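In what follows, a single structure is set out as structure tokens and then discussed.
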Amino acid sequence: MKKCNKPFFILFFLLLYLPFSMAQQREVAPVELSSVSERLYEILGGQGARGGAYIGDNEVLLIDAKMDKKSVEQTIEEIKKLTGKPIKYLVNTHSDGDHIRGNRYFSETVIFIAHENCRNDFYHPGRDGSSSEWNKPELAPFIPSITFNDKMDIYLGTKKVELWYFGVGHTTGDLVVYFPEEKTAFLGDQIFLTRPQLIHSYKGGNSFEHVKTLTKMLETLDAGKFCSGHSDIVDRETIKNHINQMIKRQEKVKSLVENGKDLEEIKSEFEENEARLIEAIFNEIKK
């Protein structure tokens, strides 16, 4: 009788088990609605960025769209648990795929709204230069059909929702959705807390304008809570700290550039995960 090759058996078991285990770890949490107020909710979980839902007198307004059909269906089901009112509006805060790809899984009766620069960015080539999938004719009904320049108000019966554009930042088309009764603003990706700020230079984003944009937002809105695509709700002080951290990075990069350092030398002065942001700042200074 042959002896069992124990090392081989263990290796065989690991090759079978590890992919299954890793797949379980990658499982996406189901969509859930987290209450901000009686009418306003954050949309958490699912595939894609955090979003928002506001229940008006006669209809529902959503902020951003997740990425896949399952997440959109879960979003719709969670809203149905709260209200029988139809989803009438969906506001895209900007054009990144984790905020807009799910548009296509909503009914064509939904009205999609964005800043005009964001709508243009639906057709923007990818970072690698590849053509946008939104050029496909069948996706046309799910591209924002209503846009604005500086400010737009939406009335859901007696309830008012304000859309603001404060300028270039993460991209050229990031808007802020403000709920004056709740003193709560949804910023999309205009602030990251769990990683360095993303500035999409290839979409016209700019770190120095980002600082100006957030500063203008704080000066304009009487908001006390700020919801974003990838971080927990924060207060005004956290936004101010974020702005100050951005300014410190910019000043340090500028000083190193003036001392003749090249990009790679400058990157080495920062954390590894800051490399993309530092490169964006460097390129903005060198222009």
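No lab work stands behind these numbers, since they all come straight from the coordinates. The shown structure was predicted, so the numbers you read here are calculated from the model rather than taken from an experiment. Ideal geometry is used to build each Cβ from the backbone, glycine not excepted, and the neighbour counts take in all protein chains shown.
Check 139, 163, 90 and return the single one that is closer than 26 Å to residue 30 by Cα and part of a strand (DSSP E or B).
Sole residue among the options that is closer than 26 Å to residue 30 by Cα and part of a strand (DSSP E or B): 90.
Being in contact with a helix residue (DSSP H, G or I) (Cβ under 9 Å, 6 or more places away or on another chain), touching a residue at least 24 places away in the same chain (Cβ under 8 Å), in a helix (DSSP H, G or I) and within 24 Å of residue 97 (Cα to Cα): is that true of residue 193 here?
No, not satisfied.
Determine, yes or no, whether residue 210 is crowded, with 16+ Cβ neighbours inside 10 Å and under 18 Å from residue 164 (Cβ atoms).
Here the answer is yes, as residue 210 does meet what is asked.
Hey, among the residues in segment 108-123 that are part of a loop (DSSP other than H, G, I, E, B) and touching a Phe, Trp or Tyr at 6+ places or on another chain (Cβ under 8 Å), which one's surrounded by the most Cβ atoms within 10 Å (Cβ to Cβ)?
Among residues in segment 108-123 that are part of a loop (DSSP other than H, G, I, E, B) and touching a Phe, Trp or Tyr at 6+ places or on another chain (Cβ under 8 Å), the one surrounded by the most Cβ atoms within 10 Å (Cβ to Cβ) is 122.
Checking the condition assigned to a helix (DSSP H, G or I) and under 21 Å from residue 113 (Cβ atoms), which residue from 217, 152 passes?
None of the others qualify; the one that does is 217.
Of all the residues that make up segment 34-47, how many are buried (at least 20 other Cβ atoms within 10 Å of the Cβ), within 17 Å of the chain's Cα centre (by Cα) and either touching a residue at least 40 places away in the same chain (Cβ under 8 Å) or part of a loop (DSSP other than H, G, I, E, B) (or both)?
So the count comes out to 3.
May I ask you to verify whether residue 105 is closer than 19 Å to residue 221 by Cβ and in contact (Cβ under 8 Å) with a residue 40 or more places away in the chain?
no
Of the residues 70, 136, 151, 81, only one is within 19 Å of residue 179 (Cα to Cα) and surrounded by fewer than 19 Cβ atoms within 10 Å (Cβ to Cβ); which?
Only one candidate qualifies: 151.
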